[in-house]
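Where a number appears in this text, it was derived from the coordinates with a stated rule and is not lab data. None of the values given here were measured: they were computed from a predicted structure. All Cβ positions, glycine included, derive from the backbone under ideal geometry; neighbour counts span all protein chains shown.
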Amino acid sequence: MRKWGTVLLVACLAAGILTGCGAGVFTGSRQVDLSKLDPAVLDGNTEFAFDLFREINREDAEKNIFISPLSISTALTMTYQGARGTTMEGMTEALNYQGIELASLNETYRRLLGYLAGVDKDIELKIGNSIWLRAGEEIQPAFLEVNKDVFRAEVAELDFARPDAAETINRWIAKATEGKIDKMLEGEIPQDVIMYLINAIYFKGQWTEQFDRKNTFPAEFRAGTGAKQPVQMMSKFGQAEYGEGADYQVVRLPYGKEKTAMYVVLPREGLEINAFIDNLTREKWEEIKQSVSTQRDVVVQLPRFKMEYGIKLLNDSLSKLGMAEAFTDRADFSGIRDDVYIDRVMHKAVIEVNEEGSEAAGVTVVEVRETGAMEPLRFIADRPFVFVIAEEDTGSILFLGKMWAVE
């Protein structure tokens, strides 16, 4: 079997429905009728996952990348509830929600998130949402109600001026991710921030068929730079779910009762991974999944690894996907309140893969600020200046002076 070089790792949960990966946390419901999920929403989420992944990869071409598309799309869809006009149109384009009625979108998310949280009792999958409001802030009641109803978001008022305000939010994040991600905000919260919308996802699953630790051996991983790096290579031989195409090989490694699985996609020898990712679309992903079938006598070798990505600022990538206006003073989020915009969309994700299975977490934070305080023009007359008193209709200069020093 050929040596493993740079690999593309895709964690796919709920038989491909999830393309990514207390109060505010979804409880599972395995009674969800999947036929009532709008296929356009599911397809849109998958399109968004790979669109965003390609954009991020262009920024971080020579770095490891690990994201939770579901976390990002959920946090943005919570925010989307308050978007109006061309701001909503831009977010619709970025999230691939064209032609989808808001009611259908929301009903699909309500059912989808509940289903995923209970997809398999043999794995842990926690999905939590929260909205943190600056104390005393007047937010449109309908915006808060739809987020509580559809996304089961915990809504809390908090005095953002308190020195421990950021730490209060970080504690919620740490609890929602079982301690895997414990800090997204640092220092004091800026005085013009009015809201944080947060999604957190935690996943822990054991392989349906675990790797035997006795078969793990020291090996070399050929990094994207060509450098050879020592790894502990997990290994097994026998029946496996394997597929291949003209430019890839793939193995499917299921968790628990096989409702969730990791797909490990290896570009063909000689094909640089960034070139492969440039062509990784929803259609290509469907091709990859369809290529998989059960095969006998397959050698599977996968490095044991940990990865931490972020905190990654997603503004540029999301702007390139179409929602640039949301980050400007032209933004219309009047469904939240007048004169606000998205200042930052931050994301962090971590994963550990070993012989027993995988543990992963992802957090997305959408920071909303007041437009009036956005990068203000500054006029500070603390040095010599000229001043004029004029009559406007005739233009008559009544007085004209220069301030050189204070008398």
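Data for the structure
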read-out	value
Helices (runs of 4 or more DSSP H) within segment 270-374 that include 2 or more residues farther than 27 Å from Gln98 by Cα and not β-branched (Val, Ile, Thr)	273-278
Of all residues making up segment 297-330, the number that are under 29 Å from Arg84 (Cβ atoms), under 21 Å from the mean Cα position of the chain (by Cα) and not β-branched (Val, Ile, Thr)	16
Lone qualifier among Asn199, Asn129, Asn147 - being in contact with a Phe, Trp or Tyr (Cβ under 7 Å, 6 or more places away or on another chain) and either among the polar types (S, T, N, Q) or part of a loop (DSSP other than H, G, I, E, B) (or both)	Asn129
Among residues of segment 56-108, those that are closer than 16 Å to Glu308 by Cα and either basic (Lys, Arg) or part of a helix (DSSP H, G or I) (or both), counted	5
Answer residue from segment 109-126, given it is within 19 Å of the chain's Cα centre (by Cα) and in a helix (DSSP H, G or I) and is surrounded by the most Cβ atoms within 10 Å (Cβ to Cβ) among those	Leu116
Residues of segment 185-203 satisfying the condition of being farther than 30 Å from Asp120 by Cβ and of a type in the set (S, T, N, Q)	Gln191
